[in-house]
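The values are calculated or read from the model by the stated rules, or taken from the named source; none is laboratory data. Note that the structure is a prediction, hence the values are computed from the model and not measured. Cβ: placed from backbone, ideal geometry, glycine included. Neighbour counts: every protein chain shown.
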Amino acid sequence: MPRWWQASAPSSVISFKGVAVYIGILLGLFWPAAIVFCVLWLATAFTTRYSSLSALVASFITPLFLWWFGHLALAALAVVLTLLLFYAHRENIKRLQSGKESRIGEKA
């Protein structure tokens, strides 16, 4: 990622864009997977109130869903996207592990 982008955009914005791209790709290639992703995100967000954890859980399970229904090429693509998403969320993962990640609706 270019240095000027890192300085101008907070990591939460970059992560959100990554999740939005992931959902957009799923919508374009196999919309039921996008629905599964969104339902998983919402369920995790509702129960934990962590947006980053919700994205990680949804992105981890979506390739399994695609594989289960026989969409092997899409599952492989989703694995690559999931790895990229986990890489983009590495700071969030550290904050989740240390208990310092902010929750949805929490004042900063």
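Of the residues making up segment 1-50, just one is among the charged types (D, E, K, R) and at pLDDT 90 or above, namely Arg49. Close contacts from segment 36-59, counting a first residue that is within 15 Å of Phe86 (Cβ to Cβ) and without any contact (Cβ under 8 Å) to a residue 12 or more places away in the chain and a second that is crowded, with 19+ Cβ neighbours inside 10 Å and not β-branched (Val, Ile, Thr), with Cβ to Cβ under 9 Å and a gap of 6+ residues or different chains, come to none at all. One residue is enough: does segment 64-71 have a residue meeting the conditions closer than 20 Å to Val21 by Cα, part of a loop (DSSP other than H, G, I, E, B) and not acidic (Asp, Glu)? Taking every residue of segment 64-71 in turn, at least one turns out to be closer than 20 Å to Val21 by Cα, part of a loop (DSSP other than H, G, I, E, B) and not acidic (Asp, Glu). Out of everything in segment 65-108 that is touching a residue at least 12 places away in the same chain (Cβ under 8 Å) and out of contact with any helix residue (DSSP H, G or I) (no Cβ under 9 Å at 6 or more places or on another chain), what residue ends up being surrounded by the fewest Cβ atoms within 10 Å (Cβ to Cβ)? Looking at residues that are touching a residue at least 12 places away in the same chain (Cβ under 8 Å) and out of contact with any helix residue (DSSP H, G or I) (no Cβ under 9 Å at 6 or more places or on another chain), I get Gly105. Of everything in segment 31-56, what is under 16 Å from Ala78 (Cβ atoms) and surrounded by 19 or more Cβ atoms within 10 Å (Cβ to Cβ)? Give them in sequence order. Once the filter is applied, which keeps residues that are under 16 Å from Ala78 (Cβ atoms) and surrounded by 19 or more Cβ atoms within 10 Å (Cβ to Cβ), segment 31-56 yields Ala33, Val36, Phe37, Leu40, Trp41, Ala55, Leu56.
Any residue that is within 16 Å of Ile23 (Cβ to Cβ), of a type in the set (A, V, I, L, M) and modelled with pLDDT of 95 or more - is there at least one of those in segment 88-98? No; the residues of segment 88-98 include none that is within 16 Å of Ile23 (Cβ to Cβ), of a type in the set (A, V, I, L, M) and modelled with pLDDT of 95 or more. Here is the figure for segment 34-49: residues that are closer than 16 Å to Gly24 by Cα and of a type in the set (A, V, I, L, M) total 5. Of the residues making up segment 76-108, those that are outside any helix (DSSP H, G or I) and among the hydrophobic types (A, V, I, L, M, F, W, C) are Ile104, Ala108.
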